Amino acid sequence: MLSDKMELKLNEQINKELYSAYLYMSMSAYFSSVGLDGFANYYRVQATEEEEHAMKFYDYVLRVGGRVRFEPIEGPKVDFESTLEIVDMALKHEEYVTGLINSLMGLAVSEKDYKTSSLLQWFIDEQVEEEENANNLKNKVKLMGNDPKGLWMLDMECAKRVYTSPAKEGK
Ligand SMILES: [Fe+2]
Ligand SMILES: [Fe+2]
């Protein structure tokens, strides 16, 4: 069983992961509207990963006998100024999510809830990758973004991203 507090916090995290998916879908839709289909693909794949994160928490809560309770999902930003604004926002968002995962881990440790710690360790490792990817893309946009040819090349690179189920690797 989960403590009431842990169940509540895990449900909040399901909501945050779904919000992440919503945010990345919004970014993807924006990129499609300005003809950057590669970036649109990149963030659409990212959104799918976030849905999977939500469902990994969802499955876990149910497996340990908890209840899943959905709350309304906050509306994401819809209008953006530039590619750099988006890649920077994506990095900041991932850093924010890392903080949420870290506080969940803090709670699990304080409750001696080792099974939830084990789940959260997967997310801690995943966040290292999420921040790394977001940082790499931001750096590339900073280097090449002002040059239309550079942006076009980056768009081609982002078009190659394919969805691989990270939540199913290893576990
Ligand atoms: Fe996530
Ligand atoms: Fe993420």
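Considering only residues that are hydroxyl-bearing (Ser, Thr, Tyr) and either within 14 Å of ligand 2 (Cβ to nearest atom) or closer than 13 Å to residue 137 by Cβ (or both), which ones fall in the range 82-96?
Listed by number, the residues that qualify are 83, 96.
Looking at the range 53-65, is at least one residue touching a residue at least 12 places away in the same chain (Cβ under 8 Å), of a type in the set (A, V, I, L, M), outside any helix (DSSP H, G or I) and surrounded by fewer than 18 Cβ atoms within 10 Å (Cβ to Cβ)?
Yes, that holds for at least one residue.
Looking at the range 1-52 only, could you name the residues that are of a type in the set (Val, Ile, Thr) and within 16 Å of ligand 1 (Cβ to nearest atom)?
Here is the first cut: in the range 1-52, the ones of a type in the set (Val, Ile, Thr) are 14, 34, 45, 48.
Within the range 1-52, 14, 45, 48 qualify.
Of these, 79, 113, which one is of a type in the set (Asp, Glu), surrounded by fewer than 13 Cβ atoms within 10 Å (Cβ to Cβ) and more than 13 Å from ligand 2 (Cβ to nearest atom)? Break it down into steps so the answer makes sense when it comes.
On the way: 113 fails: surrounded by fewer than 13 Cβ atoms within 10 Å (Cβ to Cβ).
Within the list 79, 113, the selection yields 79.
Here are some residues: 107, 119, 91, 100. Which one is in contact (Cβ under 8 Å) with a residue 24 or more places away in the chain and touching a Phe, Trp or Tyr at 6+ places or on another chain (Cβ under 8 Å)?
Result: 119 is the single residue among 107, 119, 91, 100 that is in contact (Cβ under 8 Å) with a residue 24 or more places away in the chain and touching a Phe, Trp or Tyr at 6+ places or on another chain (Cβ under 8 Å).
Answer with yes or no whether residue 106 is loosely packed, with under 14 Cβ neighbours inside 10 Å, within 16 Å of ligand 2 (Cβ to nearest atom) and not in a loop (DSSP other than H, G, I, E, B).
It is false that residue 106 is loosely packed, with under 14 Cβ neighbours inside 10 Å, within 16 Å of ligand 2 (Cβ to nearest atom) and not in a loop (DSSP other than H, G, I, E, B).
Could you list, in sequence order, all residues of the range 35-76 that are within 16 Å of ligand 2 (Cβ to nearest atom) and of a type in the set (Lys, Arg)?
44, 56
If we keep just the residues of the range 82-103 that are buried (at least 16 other Cβ atoms within 10 Å of the Cβ) and within 15 Å of residue 17 (Cβ to Cβ), which is nearest to ligand 1 (Cβ to nearest atom)?
The residue in question is 97.
Throughout, read-outs are computed from the coordinates displayed, never taken from laboratory work. All values derive from a computational prediction rather than experimental measurement. Don't worry about glycine lacking a Cβ; one is built from the backbone with ideal geometry, like all the others, and counts go over all protein chains shown.
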